[in-house]
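Remarks on the structure that follows.
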């Protein structure tokens, strides 16, 4: 196990020489990066650059073939997804992953499942500690509902909501687990301008008011450059640049990766 | 009960006599939180002394901007405790309108609900020379603000507590100085013409209207109301705050403006007041839900709606109801009417009032048919919102009821309704010439409405006196009458009709985006936005058919001959309607001049460049191309 001493209390997540292969394809090759406590950290890059693979390794869906990932100094590279959630890492998905038949409230309550302690029998009887626990969790969920302006949709079935709202519910579901590190996989994908602005507002509020560290993948360069403290740029599985938005924007390698690739995206 | 002179005195009395009873509730984080009268009084006291510590005193003005919240009601009373005046303003007003009102009112301190309102006020700060402090209630998002005039509500209350211990007896002394002739409230009228005017109402004015209303409708301490109408509207103060203070009834503040309908059902208020626009909205919603229910339910709804109408028509004509029909009505009560009242949150409502603007007779009878005690109330800001009220057994869509005891009404020689009573205001703030214009020489308030008193002594309002016109052949023409007919259609949200001095009646129609949108989905008709939807040939055909039906109920000469569908809804931000949704006819006639010309010039199409104002006050232009339709 890697020694974490001296890595400093300010680092939330350390990615150390991480590599991931799928058969003969090297999806992520020897990438290292540090995510600081309380910052917004963005991973950008053209399609197929390995961004989502990176996020999946952090959240425990994949395990790296080489290198390690440390969360608050603890090696999580071989920890399973369910245990990682319990450690305090929450995430949203690029394709919305909600229970469509359940209400907004139910989805968010489910998001708190990792924090619930009552056993099946106690919950079933809904008496004493189990009831008190449910009430406390509901209170916290109501705060999230209020925070994300979902008050009027509390009892609405999630599947019937507009896309932008579902994305917001998904953010709420991730927040319900009270993560100390929040991973967002393309939170603004497919949104219209207004929905994007709302989402940016919420992401910044989560970061600033609740102090949650955020790592996100996003295609919309304007958004990334506006809200991130640090940006890591990936291309073909490798890290090609890292720094503040201004530094990254000026990096010739980044310009080449974007303008030279078929996936033409403006570096705003 | 002894009559007290000011609103704060009633609050203190309630705190003593019914300290443990709920005074106001707020739904927060999904739970209705109650505040008792003693908590209410304590909150007001802390805030009031906090304001005093910031230098607020007698005759100072406190601006209030936000949605209905206990804290904002407390702010009103807190200002009045110190002999100050509350100036509630429309929370959805754009910065330019706010600047006018707050500057004109010389607001010294403003209490704002949240960051959104704070941003608006800060953006117009340069235009508010009298503003010294800006207090915000909701602290979310306020971390990064370092403007020196900002204080949080909690901070001000904390300052109030220290002020209280340093100045014992100050609060009681200030409340004791209050007289019934002190101005308690300045309500800026939405103004269908020109800039808003600040109507000054004294404690005496407000309490007089409140007392008359309480006596007429038997308002009790056990009553519950939902406080959901804009705080800047005089009705919210009189029919909410004032009557709650007078009898100790409970006001309930909704969770969010978007949850009002659900909150209404949860509270089940014992009395409801709403402007016609809200009743019309409820009606459209009901019709829509009725139409999209399962076939069985839909049939029951349609059948029993018909029964209800027949019974209501017979009742209205004073005829006997045949036994069979009466039995069907009872069955309908069980199967349809009762459950629908329950869904609307009106099962416990003893009275439901519509006021502020006229309501179409069809809408009126629809609700009465469903067993909802809908009645008209007539009043305007200048008279504390109350002139006449319909008794339960004499509700009718044609009159606005008998003038209330204690309020005198006369019809001037030119047909104008004039009012005298304790509720009549003391004047427009800083506009003495306007005050003089509004009063007759012998001291009656001139309402500007044309009306008459019928054989039962009930007041009948014809229209705004200056709006009533004549068609080319001399037939009297009331634009409102035609518009109300149009607005009864669930597919039509707003309408403006023309005809004064013209050979025939024409109308501009704004579709109801929600209902027409639902309808289009049912027809698998794709559309993108309001503009697109409103110009679809299918939608034009739909509205044509609605207008054809409406025309059948109108005399030949008053029928709508030509119309067009507006490519945007009428909007208060664009100055087309007031915040209380009254048409600003003068402005519309000017803005849509080319349309009127096209109506009567026989043209088929019209090009119009429309200015669109966003909530932040910025403007942009939209070029609209609209086709004029011939009505069948």
Worksheet item: What residue, among those in region B:132-168 that are farther than 30 Å from residue A:148 by Cα and in contact (Cβ under 8 Å) with a residue 60 or more places away in the chain, is nearest to the other protein chains (Cβ to nearest Cβ)?
Response: B:159
Practice prompt. Say whether the condition of being within 14 Å of another protein chain (Cβ to nearest Cβ) and touching a residue at least 12 places away in the same chain (Cβ under 8 Å) is met by at least one residue in region B:222-243.
Written response: yes
Practice prompt. Report the residue count in region A:146-179 for those that are over 18 Å from residue B:262 (Cβ atoms), away from chain B (no Cβ under 14 Å) and not in a helix (DSSP H, G or I).
Written response: 3
Worksheet item: Quick one: which helices (runs of 4 or more DSSP H) sit completely within region B:502-578 and have at least 2 residues that are touching a residue at least 40 places away in the same chain (Cβ under 8 Å) and out of contact with any strand residue (DSSP E or B) (no Cβ under 8 Å at 6 or more places or on another chain)?
Response: B:513-522, B:537-552
Discussion item. Please determine whether any residue of region A:138-145 is in contact (Cβ under 8 Å) with a residue 12 or more places away in the chain, within 18 Å of the chain's Cα centre (by Cα), away from chain B (no Cβ under 14 Å) and within 18 Å of residue A:113 (Cα to Cα).
Written reply: no
Worksheet entry | Per-region count, region A:221-239, residues surrounded by fewer than 21 Cβ atoms within 10 Å (Cβ to Cβ) and within 21 Å of residue A:11 (Cα to Cα) | 3
Worksheet entry | Subset of region A:125-137 [touching a helix residue (DSSP H, G or I) at 6+ places or on another chain (Cβ under 7 Å), within 14 Å of chain B (Cβ to nearest Cβ) and loosely packed, with under 14 Cβ neighbours inside 10 Å] | none
Worksheet item: If you go through region B:371-390 one residue at a time, how many are out of contact with any strand residue (DSSP E or B) (no Cβ under 7 Å at 6 or more places or on another chain) and surrounded by fewer than 24 Cβ atoms within 10 Å (Cβ to Cβ)?
Response: 1
Worksheet item: Can you tell me which residues in region A:86-123 are modelled with pLDDT of 85 or more, part of a loop (DSSP other than H, G, I, E, B) and on the phi < 0 side of the Ramachandran plot?
Response: A:93, A:98, A:99, A:100, A:101, A:102, A:112
Practice prompt. Kindly indicate whether residue B:258 is more than 16 Å from residue B:347 (Cα to Cα), in a helix (DSSP H, G or I) and away from chain A (no Cβ under 14 Å).
Written response: no
Fill in: Filter result for the condition that a residue is under 21 Å from residue B:54 (Cα atoms) and assigned to a strand (DSSP E or B), over B:87, B:118
B:87
Worksheet item: Out of all the residues in region A:207-230, which are within 14 Å of another protein chain (Cβ to nearest Cβ) and in contact with a strand residue (DSSP E or B) (Cβ under 7 Å, 6 or more places away or on another chain)?
Response: A:207
Item to complete: May I ask you to verify whether residue A:54 is away from chain B (no Cβ under 14 Å), over 21 Å from the mean Cα position of the chain (by Cα) and at pLDDT 90 or above?
Response: no
Practice prompt. Please work out if residue A:103 is more than 29 Å from residue A:217 (Cβ to Cβ) and within 13 Å of chain B (Cβ to nearest Cβ).
Written response: no
Item to complete: Residues being within 14 Å of chain A (Cβ to nearest Cβ) and not in a loop (DSSP other than H, G, I, E, B): count how many of those fall in region B:244-255.
Response: 1
Response to the item:
Given (1) over 16 Å from the mean Cα position of the chain (by Cα); (2) at pLDDT 90 or above; (3) part of a helix (DSSP H, G or I), residue B:382 misses just (1)
Worksheet entry | Members of region A:200-220 found to be in a helix (DSSP H, G or I) and surrounded by 22 or more Cβ atoms within 10 Å (Cβ to Cβ), listed by number | A:203, A:206
Worksheet entry | Subset of region A:70-85 that is surrounded by 15 or more Cβ atoms within 10 Å (Cβ to Cβ) and not in a loop (DSSP other than H, G, I, E, B) - its residue that is farthest from the chain's Cα centre (by Cα) | A:75
Discussion item. Suppose we filter A:200, A:233 for residues that are over 20 Å from residue A:86 (Cβ atoms), modelled with pLDDT of 90 or more and within 14 Å of chain B (Cβ to nearest Cβ); which single one remains?
Written reply: A:200
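The values are calculated or read from the model by the stated rules, or taken from the named source; none is laboratory data. Predicted model, so just to flag it, every value in this text is computed and none were measured. Because the Cβ atoms are built from the backbone with ideal geometry, glycine has one as well, and the counts that use them run over all protein chains shown.
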